[in-house]
Amino acid sequence: MILFSLIGVGMYIFLRALALSTAASVLAAVTFVGSGVVLGQANHVDMTEGFASIPFMLLAVLHIVRDGRWRWSLLLGLGGALVIFGGPPRRCSTRPY
């Protein structure tokens, strides 16, 4: 539940940064969390962790494009690192499956 809440809150913050209304942002965030793409990966925690980083990475890209401040690249890098480190450890194994 924490990951799904994080996905919803992140999407809400991103949509509010796009200057959407509060009602539209809430509806879109709930729709994104309840979409088949997110719910279809609910049993794969590593994929859900990656989905939690997507809204924050989009927010960072939006602010980098809008005002060009480098500090938003830290959020973008952190989100990318969380996607990579959130992957399953079996991907690092040299043994065949």
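The values are calculated or read from the model by the stated rules, or taken from the named source; none is laboratory data. This is a predicted model, so every value here is computed, not measured. Reconstructed Cβ throughout: ideal geometry from the backbone, glycine too, with neighbour counts over all protein chains shown. Areas reflect the complete protein model, heavy atoms only, side chains present, ligands, DNA and RNA absent. Shrake-Rupley method; radii C 1.70, N 1.55, O 1.52, S 1.80 Å.
List the chymotrypsin sites (Phe, Trp or Tyr not before Pro) within segment 1-74 that DSSP assigns to loop and that have no more than 16 neighbouring Cβ atoms inside 10 Å. Present the calculation step by step, with values, prior to reporting the outcome.
Working: sites: Phe4, Tyr12, Phe14, Phe32, Phe51, Phe56, Trp70, Trp72; in loops: Trp70.
Passing both the DSSP loop test and the Cβ count: Trp70.
For the chain, what does the accessible surface come to per residue with a 1.4 Å probe? Please give it in Å².
About 66 Å² of surface per residue is accessible.
Do you know the relative contact order of the chain, to the nearest whole percent, from alpha carbon pairs under 8 angstrom that are 6+ apart?
Numbers: 83 pairs, mean separation 26.3, N = 97.
Once normalised by length, the contact order is 27 percent.
Between (1) 1.20; (2) 2.40; (3) 1.05, which entry matches Cα Rg over 2.2 N^0.38 Å as derived from the coordinates of this structure?
(1)
State, to one decimal in nm, how far the label point of Arg69 lies from the label point of Phe4, with both points 7 Å from Cα in the Cβ direction.
The two pseudo-label positions are separated by 3.4 nm.
Taking the simple approach of a point 7 Å from Cα along Cα-to-Cβ for both Ile84 and Ala24, what is their distance in nm?
Placing both labels 7 Å along Cα→Cβ, they lie 3.6 nm apart.
May I ask you to rank Met47, Met11, Met57, Met1 by accessible area, largest first, using a 1.4 Å probe over the protein chains only? It would help to have the intermediate numbers written out before the result.
Details: Met47 85, Met11 20, Met57 50, Met1 175 Å².
Final ranking, largest accessible area leading: Met1, Met47, Met57, Met11.
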